[in-house]
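Beneath this line is the structure, given in structure tokens, with notes to follow.
The values are calculated or read from the model by the stated rules, or taken from the named source; none is laboratory data. Note that the structure is predicted; figures quoted are calculated from it, not measured. With ideal geometry, Cβ positions are generated from the backbone for all residues, glycine too; neighbour counts draw on all protein chains shown. Areas reflect the complete protein model, heavy atoms only, side chains present, ligands, DNA and RNA absent. Shrake-Rupley method; radii C 1.70, N 1.55, O 1.52, S 1.80 Å.
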Amino acid sequence: MSTDLKYLAFTAILTASLWIPYVVAQVSTNGPLKPENYVDPTQRPLPDWGKRADRTYINAVETFAPFAALVIVAHLAGKANAMTAFWATCYFWIRLAHAVVYLLGIPLVRTVLFTLGYVAVAGIFWEIIK
């Protein structure tokens, strides 16, 4: 398996796992879901870290699609190379750091990491089109 695809898989499991802190916040704050919670989608109260956990997961899902699409396009087009591997590796570690920083509520660092994640995606795009 190429490095690009390996880090795509790592990023997929990271993204797929980021719902866990949100559910922990919900259950520890409000107890297990009750049947009425499935009918009424009104948000139950959460501490700030629980709200950040929800946004961390949503943000990861939103940014995963372009990354995944470009890694797959690079692979299928035969454009995967050392640079796409570099950018895919960077993207995973940046997104892992972003999740930690987002959960901890560190604002400026979070924005810098988000931007660096975009740079990594743009780097893969550049390798495809050049």
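Set side by side, the residues Phe86, Phe92 differ, and just one is open to solvent by 30 Å² or more (accessible area, probe 1.4 Å), aromatic (Phe, Trp, Tyr) and closer than 20 Å to Ala12 by Cβ, which is Phe86.
Here Gln43 fulfils each of the conditions (1) in a helix (DSSP H, G or I); (2) open to solvent by 40 Å² or more (accessible area, probe 1.4 Å) apart from (1). Regarding Lys130, is this residue open to solvent by 30 Å² or more (accessible area, probe 1.4 Å), in contact with an Asp or Glu (Cβ under 8 Å, 6 or more places away or on another chain) and of a type in the set (D, E, K, R)? No: the conditions fail for Lys130.
Quick check: is even one residue across the stretch 46-54 open to solvent by less than 30 Å² (accessible area, probe 1.4 Å) and over 29 Å from Thr3 (Cα atoms)? Among the residues of the stretch 46-54, at least one is open to solvent by less than 30 Å² (accessible area, probe 1.4 Å) and over 29 Å from Thr3 (Cα atoms), which makes the answer yes. A search for C-beta distances below 9 Å between a residue of the stretch 22-41 that is in contact (Cβ under 8 Å) with a residue 24 or more places away in the chain and any residue that is assigned to a helix (DSSP H, G or I) and among the aromatic types (Phe, Trp, Tyr), counting only pairs 6+ apart in sequence or on different chains, returns Tyr22/Tyr57; Ala25/Trp49.
Assess whether Val61 counts as being exposed (fewer than 14 other Cβ atoms within 10 Å of the Cβ), in a helix (DSSP H, G or I) and in contact (Cβ under 8 Å) with a residue 40 or more places away in the chain. Spelling it out, Val61 is indeed exposed (fewer than 14 other Cβ atoms within 10 Å of the Cβ), in a helix (DSSP H, G or I) and in contact (Cβ under 8 Å) with a residue 40 or more places away in the chain.
Would you be able to say whether some residue in the stretch 53-76 is in contact with a Gly (Cβ under 8 Å, 6 or more places away or on another chain) and β-branched (Val, Ile, Thr)? Scanning the stretch 53-76 turns up at least one residue that is in contact with a Gly (Cβ under 8 Å, 6 or more places away or on another chain) and β-branched (Val, Ile, Thr).
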